[in-house]
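Following: one structure in structure tokens, then a few remarks.
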Amino acid sequence: MSGVMDLVTFGEALVRLSPPNCARLESASLLDVHVGGSELNTAVAAAGLGLSTRYVTRLTRNALGKMVERVARSCAVDTSHIAWTDGDRVGLYFTEFGAAPRANSVLYDRKHSAIAGITPESVDWKSALAGARVFHTSGITPALSPSATSTTLAAVKAAKELCVAVSVDLNYRARLWSERDARAVMTQIAEQADILFTTEEDTARVFGIRETSYDDVARRLGRQFDLRVVVITLRETPSVWHNTWSAVAYDAELDEICRGPRYDIEVVDRIGAGDSFAGGFLYGYLTSGTKAGLRYGTALSALKQTMPGDIVYASREDVERLLQSGDLRIQR
């Protein structure tokens with residue numbers, strides 16, 4: 001695939017292994033295999049709704065690296081700018097699904113993964129971003145290594161020079177870096193961003209911003225970093241497998257708080273929900289603005305949480321059907 005891309009995403013791909021039926025890892029004799037990673041999940045979500053998308057990463061040229069590429073390509077995501085290496089490794093992570101009162105848990109095995117060895121010279125950013133409308137990354141990517149930090153900053157700089165809008169999911173991971181280190185790097189990125197996805201908790205930990213309402217948090221972020229749009233996803237967890245899901249956004253051009261629909265979800269797998277939200281939002285935003293972004297993002301990510309794996313397999317028709325009716329009868 002070549003030519004103009006609506007969306008280019010950059011970040012780590014991982015292979016996920018998880019025991020079925022809420023089994024403990026230490027007793028597992030069988031593991032389900034899925035491919036994921038924040039920015040890959042976002043690219044797939046947007047592609048499913050109709051955007052042309054490209055995914056940039058660094059992968060080891062082995063069976064696991066090829067698995068990642070195959071999944072991306074099968075979801076209509078362009079992989080022509082993946083940086084391949086014969087060394088390093090593809091990162092793994094293990095998910096153990098719980099049930100109340102035992103929460104879900106994650107175990108990472110990603111040290112010395114291929115993406116950690118990426119450098120600004122690994123990717124021809126001018127070519128990768130040529131004609132793109134939006135470049136998207138997350139706070140996970142620069143946390144992986146010093147060279148991943150410098151590469152993320154170089155990619156953001158290249159996007160700005162090419163007049164490509166920059167979209168960032170704050171996505172703070174305490175296991176990867178400290179709040180202090182995250183603040184130093186993510187402040188630089190947020191100052192160049194146009195769209196920011198976050199949660200109230202991540203905002204407090206990374207930027208030290210706390211307010212009395214989600215609306216005020218979104219407004220403060222927008223004004224502090226001169227952002228076009230700030231989106232905060234909202235999750236309530238009455239139980240491990242019953243959640244409510246929605247989002248609010250501050251649109252600087254409208255100087256208005258916008259609200260998405262609210263869904264009660266029977267959760268099958270919540271991993272990747274925020275990533276699919278970002279993909280759905282960017283589709284709606286690029287086609288019809290912030291309010292449409294909230295509608296598509298919230299609905300698509302609600303659907304994602306009803307299916308196993310990190311990636312959402314849903315079309316624009318699926319999302320629009322949910323937005324129009326939310327009917328739970330069998331579709332025949």
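The values are calculated or read from the model by the stated rules, or taken from the named source; none is laboratory data. Model, not experiment: these values are computed from the prediction. Heads up, the Cβs are rebuilt from the backbone with ideal geometry, glycines too, and the neighbour counts pull from every protein chain shown. In case anyone asks, the SASA skips ligands and DNA or RNA and just uses the protein heavy atoms, side chains included. Shrake-Rupley method; radii C 1.70, N 1.55, O 1.52, S 1.80 Å.
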Legend entry - For the stretch 149-274, the spread of Cα positions along each principal axis, largest first, Å: 44, 37, 27
Inset, instruction - Give the accessible surface of the chain per residue, rounded to a whole number of Å², with probe radius 1.4 Å and ligands, DNA and RNA excluded. - result: 43
Legend entry - Listed residue (ALA47, TRP84, TYR214) projecting farthest to the positive dipole end of the chain, Cβ model: TRP84
Legend entry - Cα convex hull of the chain - mean projected area over all directions, nm²: 16.6
Inset, instruction - In Å³ and rounded to a whole number, note down the convex hull volume per residue for the Cα atoms of the stretch 193-329. - result: 112
Legend entry - Electrostatic dipole magnitude of the chain [Cβ: Lys, Arg +1; Asp, Glu -1; Cα centre; debye, to 20]: 400
Legend entry - Centroid-to-centroid separation of the stretch 254-332 and the stretch 113-146 [C-alpha atoms, Å]: 26
Legend entry - Under 15 Å, Cβ to Cβ, from ALA47 - net charge with Lys/Arg +1 and Asp/Glu -1: -2
Inset, instruction - Averaging sequence separations of C-alpha pairs under 8 Å and six or more residues apart, then dividing by the length of the chain, give the relative contact order as a whole percent. - result: 16
Legend entry - Length added when fully stretched, THR187-SER29, from 0.36 nm per residue minus Cα-Cα: 52.5 nm
Inset, instruction - Give, as a single signed number, the net charge of other residues whose beta carbon lies under 11 Å from the beta carbon of HIS34, with Lys and Arg counted +1 and Asp and Glu -1. - result: -2
Inset, instruction - Report the paramagnetic label zone for SER147: residues of the stretch 41-59 whose backbone N is under 17 Å from a point 7 Å from Cα along the Cα-to-Cβ axis. - result: 57-59
Inset, instruction - Identify the GluC sites (Glu not before Pro) of the stretch 190-272 meeting these criteria: DSSP loop state and at most 10 other C-beta atoms within 10 Å of the C-beta. - result: GLU253
Inset, instruction - With a 10 Å radius around each residue's Cβ, average the other Cβ atoms per peptide and rank 267-277, 149-159, highest first. - result: 267-277, 149-159
Legend entry - Solvent-accessible area, 1.4 Å probe, carbon plus sulfur percent, for the chain: 48
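Would you mind classifying the stretch 12-55 by shape? Square roots of the alpha carbon gyration tensor eigenvalues, ordered a ≥ b ≥ c; an a/c under 1.5 is rounded, otherwise it is prolate if a/b is larger than b/c and oblate if not.
In terms of gyration-tensor shape, prolate.
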Inset, instruction - Please work out how much length the chain gains when fully extended from ARG223 to LYS126, using 0.36 nm per residue of separation minus the C-alpha to C-alpha distance, in nm with one decimal. - result: 31.9 nm
